[in-house]
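First up is the structure itself, then whatever we jot down about it.
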Number of protein chains: 4
Amino acid sequence: MLVQFSIVPLGSGESISEGVAEVIRIVDESGLPYKTNPMGTVVEGGWDEVMALIRKCHEEVLRGASRVLTSISIDDRPGKPDRITGKVQSIEKRLGREIRK
Amino acid sequence: MLVQFSIVPLGSGESISEGVAEVIRIVDESGLPYKTNPMGTVVEGGWDEVMALIRKCHEEVLRGASRVLTSISIDDRPGKPDRITGKVQSIEKRLGREIRK
Amino acid sequence: MLVQFSIVPLGSGESISEGVAEVIRIVDESGLPYKTNPMGTVVEGGWDEVMALIRKCHEEVLRGASRVLTSISIDDRPGKPDRITGKVQSIEKRLGREIRK
Amino acid sequence: MLVQFSIVPLGSGESISEGVAEVIRIVDESGLPYKTNPMGTVVEGGWDEVMALIRKCHEEVLRGASRVLTSISIDDRPGKPDRITGKVQSIEKRLGREIRK
């Protein structure tokens, strides 16, 4: 399944890039395919591995903040592999050209 | 932690109330505190019990659809119990009156 | 259309109930049907009136914070009125009993 | 402000890439800076121009479906321009290397 998530600490100032950098480091070390965008990170994998990863990130951010908001969006379409690159490619194929990504 | 989630099956028509009813039945049987609103269901509990519940609901909806979109919003503020009723009450206290809920 | 939204100020501490109370006051004064739950507020109306309301709330919260995160979920099903009460009622009808809300 | 959105038609099958391609075409023609990822599209601009664009996309998808779900996440930090590239760059600077995007 394809999963986008973002994690926001409250009570530690308006800049949250320190926590976000730590999250990306954990995602990168997980070995799961991922892509980071300006509003979150998309990972691809099974329920157990993806949720264990998000939990690890959530708990890491919670070490530096007394309240944490985490948003998770799941797009689960069993039998369709490699959607982390395939979804955008199928749009490009329809449009007949590359799009900004 | 307080968690709102919603689960949408794709490819099974515009009405999704059959799947939603099944989800509410599963949530109700879980024994976790919950409140259903027109856009999702809010449950309160620890990471393991809440995520196991959402996974069960997600997989139930996946039995009747080839693609499922699930959204999860977590508000985690350790040490604050009973927020499923307390958050709205604290707003009402500030406003000095009941609000529509 | 049915719209849930939530507005989170960053950089003003872990408690955000002051901003949320102000948001509810603005929603209440708008005259649109609404229901507040522990994770956001659901309003019902046309695009223009709902979005003008959310913008007003967003800008109010921005007066007290240097960064604001706003989430909006729209469920638009033209020709179906009064879904703010009807959606949950249709689930209750399917289940044959009242649910917690 | 930085805004991610995604639009899902219900009742028109499990594949939604036709509607998504149409959305990207509209976004591209708008002239606003944007980046598409596997879970949505991020645009940058003021409230009026961004919301007018999302409304146009939402209504286009509604032409081919009887029900449409649209999710919008806003990150508004006045005075910080070009965040559509800057946010990820600031993470890369912290980590001291490029990340996957």
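Bear in mind these aren't lab numbers, they're just calculated from the coordinates by the rules spelled out. Keep in mind that this is a model prediction, so the values were computed, not measured. Please note: Cβ atoms are built from the backbone with ideal geometry, for glycine as well, and neighbour counts cover all protein chains shown.
Here are some notes:
- Segment A:32-101: relative contact order in percent, alpha carbon pairs under 8 Å with at least 6 residues between: 26 percent
- For the residue pairs D:56/D:87; A:93/C:87; A:80/B:56, the alpha carbons lie more than 31 Å apart in A:93/C:87.
- Dipole moment magnitude, nearest 20 debye, chain C about Cα centre, only Lys, Arg, Asp, Glu C-beta charged: 520 debye
- Angle between chain B longest axis and helix B:47-62 axis [Cα atoms, degrees, rounded to 10]: 30 degrees
- Taken about its Cα centre, segment C:58-101 carries a charge dipole of roughly 300 debye when the Cβ of each Lys and Arg holds +1 and the Cβ of each Asp and Glu holds -1.
- Of the residues C:9, C:71, C:23, the one whose Cα sits farthest toward the positive end of the charge dipole of chain C, with +1 on the Cβ of Lys and Arg and -1 on the Cβ of Asp and Glu, is C:71.
- Other-copy label distances relative to residue B:63, 7 angstrom Cα-Cβ extension, nm: 4.0, 4.1, 5.2
- Check: the protein assembly as shown dipole with +1 on Lys, Arg Cβ and -1 on Asp, Glu Cβ, in debye: 0 debye
- In the assembly of identical copies, residue D:13 has its label point, taken 7 Å from Cα in the direction of the beta carbon, separated from the corresponding points by 1.9, 5.1, 5.5 nm (ascending, one decimal).
- Here residue D:56 and residue B:29 are evaluated by their C-beta separation; at R0 = 56 Å the FRET efficiency comes out at 0.80.
- Axis-proximal residue of chain C for the rotation onto chain D, reported as residue and distance in whole Å: C:72, 2, based on Cβ position.
- What separates the residue A:94 label point from its copies, with the point 7 Å along Cα to Cβ, is 2.7, 3.5, 4.1 nm, written shortest first.
- The alpha carbons of chain B occupy a box of 47, 29, 20 Å along the principal axes, longest dimension given first.
- Between the Cα long axis of helix A:83-95 and the first principal axis of chain A there is an angle of about 50°, rounded to the nearest 10.
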